[in-house]
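Accompanying notes for the structure given below.
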Amino acid sequence: MLSPGKYHEYVPRDMLGNLEYRKALLTRAENDEKFQQGVLEMCKVDILFWINSFVFQVNPNKNEVGPFITWPFQERALLDDRKLLWWTQNKEDGCIEKSRDMGATWLYLITDEWLRRFHDYHDSLLVSKSAAAVDGPSHQRLFGKLRF
């Protein structure tokens, strides 16, 4: 079952604290294989830990790069019963109402990437309104976001 661990509860959600945490985590893991293995397992069992500790995003509208730090509504969209991870686990279609700058597209893509990295036999399909919206050199395209 895809259910979150509780490791994410120890990851700071403020920008400066989060960046310092990420740096300390990478520094600690640099030459410690056992620690690296432990962190990989934490990432596998807790998607929020992985997102808030390792994932970065780009905002092409503001020309900014920064850590992806989840907001409570994003965590609910991901983890609540009959939401994103539930749909994936139960092979169900789903829909989340969204508006611009809420990170919904990023959240879908990040979830897909997490499943491919840490769980066997994940298969997915990305679609959008046009082929150009799916792939191209821009970070505004679905594959552009994944490549980033």
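The values are calculated or read from the model by the stated rules, or taken from the named source; none is laboratory data. This one's a predicted model, so the numbers in the text were calculated from it and none came from an experiment. Cβ coordinates were reconstructed from backbone atoms using ideal geometry, including for glycine residues, and neighbour counts include every protein chain displayed. Each accessible area value is taken on the protein alone, full model and side chains, heavy atoms only, with ligands, DNA and RNA left out. Shrake-Rupley method; radii C 1.70, N 1.55, O 1.52, S 1.80 Å.
Just one of Lys98, Lys91 is on the phi > 0 side of the Ramachandran plot and open to solvent by 60 Å² or more (accessible area, probe 1.4 Å); which is it? Let's see the steps before the verdict.
Working: Lys98 fails: on the phi > 0 side of the Ramachandran plot.
Sole residue among the options that is on the phi > 0 side of the Ramachandran plot and open to solvent by 60 Å² or more (accessible area, probe 1.4 Å): Lys91.
Can you confirm whether Lys83 is among the basic types (Lys, Arg), open to solvent by 30 Å² or more (accessible area, probe 1.4 Å) and closer than 30 Å to Gly38 by Cβ? Give the derivation first.
On the way: among the basic types (Lys, Arg): yes; open to solvent by 30 Å² or more (accessible area, probe 1.4 Å): yes; closer than 30 Å to Gly38 by Cβ: yes.
Judged against the criteria, Lys83 is a match.
Just name the residue that is nearest to Ile47 (Cα to Cα) out of those in segment 113-143 that are of a type in the set (A, V, I, L, M) and either surrounded by 12 or more Cβ atoms within 10 Å (Cβ to Cβ) or in contact with a Phe, Trp or Tyr (Cβ under 7 Å, 6 or more places away or on another chain) (or both).
Residues of segment 113-143 that are of a type in the set (A, V, I, L, M), as a first pass: 115, 125-127, 131-134, 142.
Checking the rest, the ones that are also either surrounded by 12 or more Cβ atoms within 10 Å (Cβ to Cβ) or in contact with a Phe, Trp or Tyr (Cβ under 7 Å, 6 or more places away or on another chain) (or both) come to 115, 126, 133-134, 142.
On the way: Leu115: 9, Leu126: 20, Ala133: 26, Val134: 24, Leu142: 20 Å.
Here the residue is Leu115.
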How about segment 81-103: which of its residues are outside any loop (DSSP other than H, G, I, E, B) and not aliphatic (A, V, I, L, M)? Trp86, Trp87, Thr88, Gln89
For a quick check of your reading of the model, give me the residue pairs whose first member lies in segment 72-87 and is in contact (Cβ under 8 Å) with a residue 24 or more places away in the chain and within 20 Å of Tyr7 (Cβ to Cβ), whose second is charged (D, E, K, R) and in a loop (DSSP other than H, G, I, E, B), with beta-carbon atoms closer than 9 Å and at least 6 apart or on different chains. Ala77/Lys83; Ala77/Lys98
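For segment 20-45, how many residues meet the condition of being of a type outside the set (A, V, I, L, M) and either in contact with a strand residue (DSSP E or B) (Cβ under 6 Å, 6 or more places away or on another chain) or open to solvent by 100 Å² or more (accessible area, probe 1.4 Å) (or both)? Lay out the reasoning, then the answer.
Within segment 20-45, the subset of a type outside the set (A, V, I, L, M) is 20-23, 27-28, 30-38, 41, 43-44.
From the residues that got through so far, the ones that are either in contact with a strand residue (DSSP E or B) (Cβ under 6 Å, 6 or more places away or on another chain) or open to solvent by 100 Å² or more (accessible area, probe 1.4 Å) (or both) too are 20, 23, 28, 30-31, 33-34, 37.
The qualifying residues number 8.
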In segment 69-80, how many are surrounded by fewer than 17 Cβ atoms within 10 Å (Cβ to Cβ) and in a loop (DSSP other than H, G, I, E, B)? 2
